[in-house]
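Chemist: If you scroll down you'll find the structure; I have some questions about it.
The values are calculated or read from the model by the stated rules, or taken from the named source; none is laboratory data. The shown structure was predicted, so the numbers you read here are calculated from the model rather than taken from an experiment. All Cβ positions, glycine included, derive from the backbone under ideal geometry; neighbour counts span all protein chains shown. Please note that ligands, DNA and RNA were not included when accessible areas were found on the heavy atoms of the full protein model with its side chains. Shrake-Rupley method; radii C 1.70, N 1.55, O 1.52, S 1.80 Å.
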Amino acid sequence: MSTAQAISQQGRTAVRNSYDVLVVGAGFAGLYMLYRLRALGLKVRVFEKGAGVGGTWYWNRYPGARCDVESMQYSYSFSEELQREWDWSERYASQPEILQYANHVADRFNLRPDIELNTHIVACVFDEEAGSWSVTTSDGRIVTARFVVLATGCLSNARVPDIQGLHGFSGPVYHTGNWPHEPVDFKGLRVGVIGTGSSGIQVVPMIAERAKHLTVFQRTANFSIPARNAPLTDQDRQPFRAKYSEVRRFMRELSRSGLYGEVAERGAFEDDDNVRRAKYEARWAHGGTTFLSSAYSDLYVNKAANDTAADFVRKKIAEIVKDEETAKLLQPNTHPIGTKRICVDTDYFTTFNRPNITLVDIRSDPIQEILSDGLRTQAKSFQLDALVLATGFDAMTGSLAKIEIRGRAGLTLNRKWAEGPKSYLGLMIAGFPNLFVITGPGSPSVLSNMIVSIEQHVDWIADCLNYMRERGLDVIDADKQAEDKWVAHVNELANGTLFPQADSWYLGANVPGKPRIFMPYIGGVAAYRKICNEVAAKGYDGFEMTAARAPKPVAVS
Ligand code: NA7
């Protein structure tokens, strides 16, 4: 282990492996954070666990993995040249293309020299005297940084369920969130998929095409809208590009979700049954997640209104799936539509018309154990050659919880968040100075187009650090009262909607024992941005900024 080498230089302390800012993660957040901080002339180091950049798009490489936000909108806006030169090839980009884009950004802006791959952070300890963080890497190094930015992603900690016998399965076991980099071929195999969230819904049609037989183990049926994915041509891209500045402004300043498109202004019962059905039909034919957001303004707050959309989708499922029993099982009835992240699919429901697929309802007939050659539910046994876990993530807090983060007075973040995550604006946590979280709990995050939210957080953090530098300030901490007020506001907004009615990962309900707290800020990206800007304009209201007690070390390379 090589510890930071302190040497005396002109009466001040000079430290090797010392940075102004250390960024954890080289996904979309980490890449743009590095770009912004470098432009400020700060000494930055990014540590990334994976062997490549791209974050969630590096790990989630299962067949069929695709973003549920349209590609022309799921892209950075910070560089005019970048958004003009990159040609997305499909309406919804596939994982390989998004990963290619992340790599292109890393190369185009020469980001790689400041990124260390294959290295994760195991501990971050705040040094009160120095006003900086001491950070331990997975290879045992200790580096120091004035500021740490956690760009660890919201869906980056794949969750393997605790099912008896899993480790004794003799065939391969894959997790959609941690897929092998080598090709996986299911040809001629009997495959089992556990989980029917977005990942399951995307992977099932792909596996069914190759496998001898596919058995899908479903605990909760999910609402899914057809993507209507299609190739994009210059003719499709050009009109969009021509109005990019207007589009981007809308996404940032006017929308709730960070998406460009129609915003619903009428309630569902302001239209009669025929008009309403026609609206849903048009959106079903168009495809994509805006099915709900563009239809009616009250679908997330009024259960009766929500039922009109849910009934429409249930009816569509019944029309598509030929076997009546299977269709019934695929119709979601445990939660209002949209309160679990709505899925976008290509041929998910039609896949159940194939002769080589079986749907098993593990809600009424739960899994008892995994056997060496299959799986046993209460009522039946299934012979399997390969198993795919599409069982999701310990979302939003999972990756942070894995790092030992110690703030003031040695308090760990896990202790502070034992009853659920608390933060001010989702950006900082009281008692953990100089530690920023990108798209963390308490911010719009996973309820929005992630790239819009990432850019907003990164810009806010970069501006904040610049503000401090200009004033000779070294340490920033969130005020406990401001934090409590924000947490109460986030909860109050969520409780005014139908969202808490679903056992979703938004609430941590998918992880046994995790506190049931609605984590993202539901007020929308436009409202949130306004609040963050006002806070900054008021001299970072709700934050306390001070000079460090000890003189700042001089970083040497
Ligand atoms: P999700 O949406 O959390 O889905 C996970 C699925 O796995 C879901 O159907 C779960 O059923 C099921 N699951 C989880 N644990 C178990 C156990 N122990 N037994 C049976 N079934 C289980 O994760 P995804 O990866 O699909 O998508 C996550 C996000 O990525 C998505 O929302 C997009 O934003 C992109 P449950 O619903 O809990 O009954």
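Chemist: For residues that are more than 18 Å from the chain's Cα centre (by Cα) and outside any helix (DSSP H, G or I), scanning just the range 482-513, find the one that is farthest from the ligand (Cβ to nearest atom).
Modeler: GLY496
Chemist: Now for a different question. Run ARG363 past the list (1) within 16 Å of the ligand (Cβ to nearest atom); (2) open to solvent by less than 20 Å² (accessible area, probe 1.4 Å) and report the number of the one that doesn't hold.
Modeler: Among (1) within 16 Å of the ligand (Cβ to nearest atom); (2) open to solvent by less than 20 Å² (accessible area, probe 1.4 Å), ARG363 violates only (2).
Chemist: I've got another one for you. What strands (runs of 3 or more DSSP E) lie completely within the range 12-75 and have 3 or more residues being farther than 26 Å from PHE393 by Cα? Break it down stepwise before answering.
Modeler: On the way: elements: 12-15, 18-24, 44-47.
Once the strands (runs of 3 or more DSSP E) in the range 12-75 are filtered for at least 3 residues that are farther than 26 Å from PHE393 by Cα, what remains is 12-15, 18-24.
Chemist: Please indicate, with yes or no, whether at least one residue in the range 314-329 is in contact (Cβ under 8 Å) with a residue 60 or more places away in the chain, away from the ligand (no atom under 16 Å from the Cβ) and open to solvent by less than 10 Å² (accessible area, probe 1.4 Å).
Modeler: Let us first name the residues in the range 314-329 that are in contact (Cβ under 8 Å) with a residue 60 or more places away in the chain, namely 329.
Add one more test, that the residue is away from the ligand (no atom under 16 Å from the Cβ), and what stays is none.
No; the residues of the range 314-329 include none that is in contact (Cβ under 8 Å) with a residue 60 or more places away in the chain, away from the ligand (no atom under 16 Å from the Cβ) and open to solvent by less than 10 Å² (accessible area, probe 1.4 Å).
Chemist: Please go through the range 195-210 and give me each residue that is hydrophobic (A, V, I, L, M, F, W, C) and open to solvent by 10 Å² or more (accessible area, probe 1.4 Å), ordered by number. Explain how you work it out, then say what you get.
Modeler: Residues of the range 195-210 that are hydrophobic (A, V, I, L, M, F, W, C), as a first pass: 201, 203-204, 206-208.
Matches in the range 195-210: MET206 only.
Chemist: Moving on to the next point. Taking the range 277-296 as the search range and keeping residues that are at pLDDT 95 or above, part of a helix (DSSP H, G or I) and among the aromatic types (Phe, Trp, Tyr), which one is surrounded by the fewest Cβ atoms within 10 Å (Cβ to Cβ)?
Modeler: TRP284
Chemist: Separate question: What's the number of the only condition in (1) in contact (Cβ under 8 Å) with a residue 12 or more places away in the chain; (2) away from the ligand (no atom under 16 Å from the Cβ); (3) not assigned by TED's automatic domain parsing to the domain that holds ARG228 that ASN356 fails to meet?
Modeler: Unmet condition: (3).
Chemist: Let me ask something else about it. Given the conditions (1) farther than 26 Å from SER364 by Cα; (2) open to solvent by 10 Å² or more (accessible area, probe 1.4 Å); (3) within 11 Å of the ligand (Cβ to nearest atom), report the number of the one that GLY177 does not fulfil.
Modeler: Going through (1) farther than 26 Å from SER364 by Cα; (2) open to solvent by 10 Å² or more (accessible area, probe 1.4 Å); (3) within 11 Å of the ligand (Cβ to nearest atom) one by one, GLY177 breaks only (2).
Chemist: Still on this model: Is it the case, given these coordinates, that TRP59 is crowded, with 19+ Cβ neighbours inside 10 Å, farther than 25 Å from ARG249 by Cβ and outside the structural domain of ASP345 (by TED's automatic domain parsing)? Full working, then the answer.
Modeler: Working: crowded, with 19+ Cβ neighbours inside 10 Å: yes; farther than 25 Å from ARG249 by Cβ: yes; outside the structural domain of ASP345 (by TED's automatic domain parsing): yes.
Answer is yes for this residue.
Chemist: If I go through the range 374-385 residue by residue, how many of them are more than 16 Å from the ligand (Cβ to nearest atom) and exposed (fewer than 15 other Cβ atoms within 10 Å of the Cβ)? Talk me through it step by step, then tell me what you get.
Modeler: Just the residues of the range 374-385 that are more than 16 Å from the ligand (Cβ to nearest atom), to begin with: 381, 383, 385.
From what's left, exposed (fewer than 15 other Cβ atoms within 10 Å of the Cβ): 381, 383.
The total comes to 2.
Chemist: Under 30 Å from LEU435 (Cβ atoms) and in contact with a strand residue (DSSP E or B) (Cβ under 6 Å, 6 or more places away or on another chain), is that true of ASN222? Break it down stepwise before answering.
Modeler: Working: under 30 Å from LEU435 (Cβ atoms): no; in contact with a strand residue (DSSP E or B) (Cβ under 6 Å, 6 or more places away or on another chain): yes.
For ASN222, the condition - under 30 Å from LEU435 (Cβ atoms) and in contact with a strand residue (DSSP E or B) (Cβ under 6 Å, 6 or more places away or on another chain) - is not met.
Chemist: Being open to solvent by less than 40 Å² (accessible area, probe 1.4 Å), of a type in the set (Asp, Glu) and closer than 20 Å to ARG241 by Cα narrows it down to one of GLU90, GLU97, GLU70, GLU81, so name that one. Even if it seems obvious, please write down each step before you answer.
Modeler: Working: GLU90 fails: open to solvent by less than 40 Å² (accessible area, probe 1.4 Å); GLU70 fails: open to solvent by less than 40 Å² (accessible area, probe 1.4 Å); GLU81 fails: open to solvent by less than 40 Å² (accessible area, probe 1.4 Å).
Every option except GLU97 fails the conditions.
Chemist: Among (1) open to solvent by less than 50 Å² (accessible area, probe 1.4 Å); (2) within 26 Å of the chain's Cα centre (by Cα); (3) away from the ligand (no atom under 16 Å from the Cβ), where does ASP347 come up short?
Modeler: Just one mismatch for ASP347, condition (1).
Chemist: From the set of residues in the range 313-332 that are among the charged types (D, E, K, R) and assigned to a loop (DSSP other than H, G, I, E, B), which is nearest to VAL263 (Cα to Cα)? Even if it seems obvious, please write down each step before you answer.
Modeler: Within the range 313-332, the subset among the charged types (D, E, K, R) is 314-316, 319, 322-325, 328.
Next, from what is left, pick out any that are assigned to a loop (DSSP other than H, G, I, E, B): 322-323.
Working: LYS322: 35, ASP323: 37 Å.
That would be LYS322.
Chemist: Moving to a separate point now. So in the range 386-429, with the set limited to residues that are open to solvent by 10 Å² or more (accessible area, probe 1.4 Å), on the phi < 0 side of the Ramachandran plot and assigned to a helix (DSSP H, G or I), which one is nearest to the ligand (Cβ to nearest atom)?
Modeler: That would be SER399.
Chemist: Of all residues in the range 35-55, which are under 21 Å from SER448 (Cβ atoms) and either surrounded by 23 or more Cβ atoms within 10 Å (Cβ to Cβ) or among the basic types (Lys, Arg) (or both)?
Modeler: Step one: filter the range 35-55 for residues under 21 Å from SER448 (Cβ atoms), giving 35-36, 54-55.
Selection gives ARG36, GLY54, GLY55.
Chemist: Also: If you scan the range 142-174, which residues turn out to be away from the ligand (no atom under 16 Å from the Cβ) and in contact with a helix residue (DSSP H, G or I) (Cβ under 7 Å, 6 or more places away or on another chain)? Explain how you work it out, then say what you get.
Modeler: Of the range 142-174, the ones away from the ligand (no atom under 16 Å from the Cβ) are 142-151, 168, 170-172.
PHE147, VAL149, LEU150, ALA151 - these are the residues of the range 142-174 that are away from the ligand (no atom under 16 Å from the Cβ) and in contact with a helix residue (DSSP H, G or I) (Cβ under 7 Å, 6 or more places away or on another chain).
Chemist: Does the range 346-368 include one or more residues that are charged (D, E, K, R), outside any loop (DSSP other than H, G, I, E, B) and closer than 30 Å to VAL301 by Cβ? First the steps, then the outcome.
Modeler: Initially, the range 346-368 is screened for residues charged (D, E, K, R), giving 347, 354, 361, 363, 365.
Next, only the ones that are outside any loop (DSSP other than H, G, I, E, B) stay: 361.
Filter once more, keeping what is closer than 30 Å to VAL301 by Cβ: none.
No, that holds for no residue.
Chemist: While we're on this one: Could you run through the range 430-447 and say how many residues are within 11 Å of GLY258 (Cα to Cα) and either open to solvent by 10 Å² or more (accessible area, probe 1.4 Å) or more than 12 Å from the chain's Cα centre (by Cα) (or both)? Break it down into steps so the answer makes sense when it comes.
Modeler: Narrowing the range 430-447 to residues within 11 Å of GLY258 (Cα to Cα): 444-447.
Adding the requirement that they be either open to solvent by 10 Å² or more (accessible area, probe 1.4 Å) or more than 12 Å from the chain's Cα centre (by Cα) (or both) leaves 447.
So the answer is 1.
Chemist: Turning to a different aspect of this structure: Mind checking which residues of the range 35-70 are over 16 Å from the mean Cα position of the chain (by Cα) and over 30 Å from LEU465 (Cβ atoms)? Quick ask: steps written out before the conclusion?
Modeler: Going through the range 35-70, the residues over 16 Å from the mean Cα position of the chain (by Cα) turn out to be 35-52, 62-64.
Those that are over 16 Å from the mean Cα position of the chain (by Cα) and over 30 Å from LEU465 (Cβ atoms): TYR62, PRO63, GLY64.
Chemist: While we're here: Out of curiosity, is GLY398 within 21 Å of LEU329 (Cβ to Cβ), touching a residue at least 24 places away in the same chain (Cβ under 8 Å), out of contact with any strand residue (DSSP E or B) (no Cβ under 6 Å at 6 or more places or on another chain) and not basic (Lys, Arg)? Give the steps one after another, and end with the answer.
Modeler: Working: within 21 Å of LEU329 (Cβ to Cβ): no; touching a residue at least 24 places away in the same chain (Cβ under 8 Å): yes; out of contact with any strand residue (DSSP E or B) (no Cβ under 6 Å at 6 or more places or on another chain): yes; not basic (Lys, Arg): yes.
Judged against the criteria, GLY398 is not a match.
Chemist: Moving to a separate point now. Do the conditions hold for ALA310, that is, is it buried (at least 18 other Cβ atoms within 10 Å of the Cβ), outside any loop (DSSP other than H, G, I, E, B) and at pLDDT 95 or above?
Modeler: On the way: buried (at least 18 other Cβ atoms within 10 Å of the Cβ): yes; outside any loop (DSSP other than H, G, I, E, B): yes; at pLDDT 95 or above: yes.
Answer is yes for this residue.
Chemist: Sticking with this one: Tell me which of these ASN274 doesn't satisfy, since it passes every other one: (1) under 30 Å from ARG84 (Cα atoms); (2) over 28 Å from the mean Cα position of the chain (by Cα); (3) open to solvent by 70 Å² or more (accessible area, probe 1.4 Å); (4) of a type in the set (S, T, N, Q).
Modeler: All conditions are met except number (1).
Chemist: If you take just the strands (runs of 3 or more DSSP E) that sit entirely in the range 189-260, which of them hold at least 2 residues that are away from the ligand (no atom under 14 Å from the Cβ)?
Modeler: Numbers: elements: 190-194, 213-218, 224-226.
Output list reads 190-194, 213-218.
Chemist: Got a number for residues in the range 139-154 being surrounded by fewer than 23 Cβ atoms within 10 Å (Cβ to Cβ), in contact (Cβ under 8 Å) with a residue 24 or more places away in the chain and within 27 Å of ASN178 (Cβ to Cβ)?
Modeler: Residues meeting the conditions: 3.
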